[in-house]
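Note sheet for the following structure.
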Protein chains: 2
Amino acid sequence: MTLPFAAPGTKAEVEEGAVLTPRFDANGLIACIAVDAADGRVLMLAHMNAESLARTLETGEAWYWSRSREELWHKGATSGQIQRVVEMRVDCDQDAVLIRVDVGGDGGCCHTGRRDCFYRRVELGPGGGTAAPVRLQAIASRVNHSA
Amino acid sequence: MTLPFAAPGTKAEVEEGAVLTPRFDANGLIACIAVDAADGRVLMLAHMNAESLARTLETGEAWYWSRSREELWHKGATSGQIQRVVEMRVDCDQDAVLIRVDVGGDGGCCHTGRRDCFYRRVELGPGGGTAAPVRLQAIASRVNHSA
């Protein structure tokens, strides 16, 4: 596939320019933060390669690169949880994008059944050396559960 | 340094367990999304290694790993834009954390002078092949500028 994006220029061009020149990492990926357009909730963090980014721009639906399955991933293709992109932004050094999405299907996002992937709070405090394990506290966020 | 975190267990333990077992990548890093606790705005995406994650938990202030400078990075140490962590969450597969922060100093975050790093909107639409470059639209978000 021909890369559909121009190569990054100078630091000034990357940071202040008006052209999308994604800085893909050694694996050809950039990070993508998906936020629910309805309430601003951070839904998930995933990755895009050039092809998934291009498909996302073209179709207006989120396409990712699944690092575990090593394949293009049209989010929601099987679950119905399609993410329609309302807005996309890119960060200063163009190695991350932020998308605000309308979520289809049952409104969920996480493969565990939650509305988002960040359903556990990390206990703050000393976590180093010989201290006890850092604990997590579950936050109810199942789809179709109000608790 | 002794890793202050337990090694990831089974998929079920990672996803549903009550212990933080970060899944650092090949470079020893996990992604961290920082969100402004005041208004939910996504401020930045950065990375943490085990030591910066441990310091963040211990001090309640965001420490990152600077991939460009290859060093621990106490956010705001020079700029005053300290990020006090109000809440930290971890995602389903424990390779990303989300922190809600109170921002110190002038309230900024991005090294370019903006309140956040996502100050350019990406033009949606065909971006592949022989199409014109994908354009970016600047969104004013300078600190101390109301425009």
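What nm distance separates the two modelled labels at B:Q137 and B:R121, each placed 7 Å from Cα along Cα→Cβ?
Here the answer is 0.3 nm between the modelled labels.
Rounding to the nearest 20 debye, state how big the charge dipole of chain B is about its Cα centre with +1 on each Lys and Arg Cβ and -1 on each Asp and Glu Cβ.
680
Given Cα positions, please report Rg to Rh for chain A, the hydrodynamic radius being the Kirkwood one.
Radius of gyration over Kirkwood radius for chain A works out to 1.03.
May I ask you to evaluate 6.51 cos²θ - 1.76 cosθ + 1.60, the Karplus curve with θ = phi - 60°, for each residue of region B:56-68 and list the ³J(HN,Hα) values in order in whole Hz, giving x for glycine and proline?
Couplings: 4, 5, 6, 9, x, 10, 6, 10, 10, 10, 7, 6, 6 Hz.
Taking only Cα atoms and a 10 Å spring cutoff, compute GNM fluctuations for chain A and point out the largest among A:R135, A:R67, A:R120.
A:R135
Let me check I've understood the local charge: for A:A7, count other residues with C-beta under 12 angstrom from its C-beta, Lys and Arg +1, Asp and Glu -1. What total comes out?
Around A:A7, the surrounding residues sum to 0.
For n ≥ 4 DSSP H runs only, could you compute -39500 (n - 2.57) per run for chain A, divide by its residues and tell me the 222 nm figure to the nearest 500?
-3000 deg cm²/dmol
Mean separation of Cα pairs under 8 Å and 6+ residues apart, divided by the residue count of region B:11-109: what relative contact order is that in percent?
Across region B:11-109, relative contact order equals 29 percent.
Got a sec? How would A:T10, A:T21 order by Cβ neighbour count within 10 Å, fewest to most?
A:T10, A:T21
Tell me, what ³J(HN,Hα) does each residue in region A:74-87 have, in order and in whole Hz, if you take phi through Karplus 6.51 cos²θ - 1.76 cosθ + 1.60 with θ = phi - 60° and put x for Gly and Pro?
Ordered by residue, 3J(HN,Hα) equals 7, 4, x, 4, 9, 8, x, 7, 4, 10, 7, 7, 7, 7 Hz.
Against the 2.2 N^0.38 Å scaling, with N counting residues, where does the protein assembly as shown land? I'd like the Cα-based Rg ratio to two decimal places.
The reported ratio for this selection is 0.97.
Search the structure for amide H atoms under 5 Å from the amide H of A:C32, placed 1.01 Å from N in the peptide plane, and list their residues when 5 or more places away or on another chain.
Residues meeting the amide H criterion: A:A46, A:H47, A:M48, A:V97.
Using +1 on the beta carbon of Lys and Arg, -1 on that of Asp and Glu, and nothing else charged, what's the dipole of the protein assembly as shown about the Cα centre, debye to 20?
300
What residues have an amide H closer than 5 Å to that of B:V86, excluding those fewer than 5 places away on the same chain, when H is modeled at 1.01 Å from N in the peptide plane?
Counting only residues 5 or more places away or on other chains, the set is B:R100, B:V101, B:D102.
Once phi is turned into θ = phi - 60°, what whole-Hz ³J(HN,Hα) does the Karplus curve with 6.51, -1.76 and 1.60 give for every residue of region B:92-108, x standing for Gly and Pro?
Karplus-based 3J(HN,Hα) across region B:92-108 equals 3, 9, 6, 10, 8, 10, 10, 10, 9, 10, 8, 8, x, x, 7, x, x Hz.
May I ask you to list the lysines whose Cα is less than 28 Å away from that of A:K75, ignoring any residue fewer than eight positions away on the same chain?
Qualifying lysines at Cα under 28 Å: B:K11.
None of the figures in this text is laboratory data; all of them are computed from the coordinates on show. This structure is a prediction, so every number in the text was calculated from the model and none was measured. Glycine gets a Cβ as well: all are built from the backbone with ideal geometry, and neighbour counts include every protein chain shown.
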